[in-house]
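Read the structure below first, then the notes.
Every number in this text was worked out from the coordinates using simple rules, so none of it is lab data. Nothing here was measured: the structure is a model prediction, and the numbers come from that model. FYI the Cβ positions are ideal-geometry reconstructions off the backbone, even for glycines, and counts take in every protein chain you see.
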Amino acid sequence: MNASRMLFAAALASAANLALAQSKEIRIAHVYDKTGPLEAYAKQTHAGLMMGLEYATGGKMEVLGRRIVVIEKDSQTKPDAGKAQLAAAFGDDKVDLAIGPTSSGVALAMLPVAEEYKKILLVEPAVADAITGERWNRYIFRTGRSSSQDAIANAVAVGKKDTFIATLAQDYAFGRDGVKAFKEALAGTGAQIVHEEYAPQQTTDFTAPAERLFNALKERKGRKVIFIIWAGGNPFKIADLNPGRYGIEIASGGNILPALAAYKALPGMEGATYYYYEHPKNKINAWLVAEHMKRYKSPPDFFTAGGMSAGIAIVEALKKAGGTDTEKLIAAMEGLSFETPKGRMTFRKEDHQAMQSMYHFKIKVDPNVSWAIPEMKVPVRVKQ
C-alpha cells in the first residue's frame, strides 16, 4: 500500500473512531453571553446548568448510558455572534441540542437557526415575550421566565387603585417587551402607566431620564411610582436624585445579589422576583444552596437557579424521549413537568413556555447583610 493510500485509510479510521465516540455522547451547546454587559448573569447560568446536569444524573454526567458533553460558545452579547455560534454548534460540532442565551436580543437572532437545523434550543434565561410569542417556532422551549410572567407577578405587587406609574426600561427587546407586558398586566388593577422612558443599555447617567419621569408624575394625585425594568448597570442611582421630594416611590423586580445592594436605599419597596435562595422550600433548592455554599462560598443567585432548572429539564426530557431524536424530544417535552429549585415547572404545549412560581417580596434591610433582602410575602403561580 503506497503512502497516500495509507494516509487515506488512516483518515477514514480516525473519522470512524470520532463518529463512534460521538455516538456514545450526548452533545449539548451552551451558547451564552460569556463576555459583555450581561457577563455576571451568564456565568451564574452556566454554573447552575452544570450543577443541574450533575444533580439530575446523580453525579454521573451521563444519561441513557451516554456521556453528557457540554460545549461552550460565547455570543459576546451580540446578536450576529450568537446566531453564528449556534449555527457552528449545530453544523460543525454536531450537537444534539442547545441552551442559551442571556440577552433577549441575542436569543431572537438565534431562534431561526434552531428552526433551520431542526434542533431544540432551550432558552435560558432570555426574557422577551417574543421568544415564546410572535417570533417563536416549534424547536424553541424556555425554562426562563417571560416578560409576561414578570409583569403579571409585579402587577400583583404594585398594581393598586389610584396608582400612577412611569416606567424606565432599556431600549431593546427585554425592556420594550417588559413594559408592554406590564401595561397589559395592570389592566383592571386600578393602576395606570402614564409615561414610558427608554434609555440605551449602557446608560450610566440617569439625570435626564429621571427629570422626565419626575415631570410625568409629580403633579398626579395618588400613589406615584417609577417602575424600573433593567438588566445590568445601576438605574437605582435615580434614588440619589431624591424622587421622594415629590412623593414618588421606586419599584422594580428582583435581581442578582450584587445588584440587590442598591436596593438597600429602598427599604419597604415591593415587587416580584424569579428567585431568591431563601424563598423556595424543597429538596432540590436545599441541595443547591448547600452545594453552592460549599463550592463557591456564597449563596446561589438569581440565574444560578435558572441554569439548574434548564439542566434538570434536559435530562428529564432525554429520559422520557429515550434519546436525542428531535421529534421525540419535542413530543416528550410538550406538557413535561419537572422539579427545579423553584419547585415544579411545566412546559406549556402551545408555546413551550415553562409555567412556574414567582415571588412577591418586600425589601428588608439588615445591616449585617451586604445586600437588601427581598423578604417573601407570597408565592405567585403565574398562569400565562
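Can you quote the Å³ per residue value for the convex hull of the Cα atoms in region 165-270, rounded to an integer?
Working: hull volume 10.3 nm³, N = 106.
Considering the Cα atoms of region 165-270, their hull volume per residue is 97 Å³.
Charges only on Cβ, +1 for Lys and Arg, -1 for Asp and Glu: so what's the dipole of region 261-360 about the Cα centre, in debye to the nearest 20?
The dipole magnitude comes to about 400 debye.
Determine the percent antiparallel among the DSSP beta bridges restricted to the chain, to the nearest 5.
Details: 20 of 58 bridges.
Percent antiparallel among DSSP bridges in the chain is about 35.
Tilt of helix 302-321 relative to the longest C-alpha principal axis of the chain, in degrees (0 to 90, nearest 10)?
That works out to roughly 40 degrees.
So what is the relative contact order for the chain, in percent, with contacts set as C-alpha pairs under 8 Å and at least six apart?
Working: 830 pairs, mean separation 67.1, N = 384.
For the chain, the relative contact order is 17 percent.
Once the piece of chain linking Tyr198 and Lys281 is laid out straight, how much longer is it, given 0.36 nm per residue of separation minus the C-alpha distance between them? Intermediate values should be presented prior to the final figure.
Working: separation 83, 0.36 × 83 = 29.88 nm, distance 3.70 nm.
26.2 nm is the gain from fully extending Tyr198 to Lys281.
Of Phe214, Leu336, Ile250, which is farthest on the positive side of the dipole of the chain, counting Cα position, with +1 on Lys and Arg Cβ, -1 on Asp and Glu Cβ, and the Cα centre as origin?
Leu336
Quick one: which of 31-38, 186-193 comes out on top by average Cβ neighbours within 10 Å, and what's the full order, highest first?
On the way: 31-38: 23.1, 186-193: 15.2.
Listed from highest to lowest mean packing, they are 31-38, 186-193.
Among Phe303, Phe347, what is the fewest-to-most ranking by other Cβ atoms within 10 Å? Provide the component values of the computation, followed by the final result.
Numbers: Phe303 28, Phe347 22.
Ordered from fewest to most neighbouring Cβ atoms within 10 Å, Phe303, Phe347 come out as Phe347, Phe303.
With charges only on Cβ, +1 for K and R and -1 for D and E, what is the dipole size of the chain about its Cα centre, in debye, rounded to 20?
Working: 49 positive and 41 negative charges, 162 e Å.
For this selection, approximately 780 debye.
What shape does region 24-122 take by its C-alpha gyration tensor, where a ≥ b ≥ c are the square roots of the eigenvalues and a/c under 1.5 counts as rounded, a/b above b/c as prolate, and the rest as oblate? Present the calculation step by step, with values, prior to reporting the outcome.
Values: a/c = 2.42, a/b = 1.32, b/c = 1.84.
Since a/c reaches 1.5 but b/c is at least a/b, the shape of region 24-122 is classed as oblate.
To the nearest 500 deg cm²/dmol, what mean residue ellipticity at 222 nm is calculated for the chain from DSSP H runs of n ≥ 4 alone, each contributing -39,500 (n - 2.57), summed and divided by the residues?
-12500 deg cm²/dmol
Relative to the compact-globule scaling 2.2 N^0.38 Å, provide the ratio for the alpha-carbon radius of gyration of the chain.
Numbers: Rg = 22.4 Å, N = 384, 2.2 N^0.38 = 21.1 Å.
Rounded to two decimals, the normalised Rg is 1.06.
Which of Tyr276, Tyr117, Tyr296 comes first, and how do the rest follow, when ranked by fewest Cβ neighbours within 10 Å? Please report the intermediate quantities before stating the final value.
Numbers: Tyr276 23, Tyr117 18, Tyr296 13.
The fewest-first ordering by Cβ neighbours comes to Tyr296, Tyr117, Tyr276.
Take the residue pairs Lys43/Lys362; Lys297/Lys320; Lys221/Lys281; Lys180/Lys362 and return only those whose Cα atoms are more than 32 Å apart. Walk me through the numbers before you get to the answer.
Numbers: Lys43/Lys362 27 Å; Lys297/Lys320 35 Å; Lys221/Lys281 41 Å; Lys180/Lys362 24 Å.
Pairs exceeding the cut-off: Lys297/Lys320; Lys221/Lys281.
How would you rank Lys342, Lys349, going from fewest to most other Cβ atoms within 10 Å of each one's own Cβ? Show your work: numbers first, answer last.
Working: Lys342 25, Lys349 11.
In order of increasing Cβ crowding within 10 Å: Lys349, Lys342.
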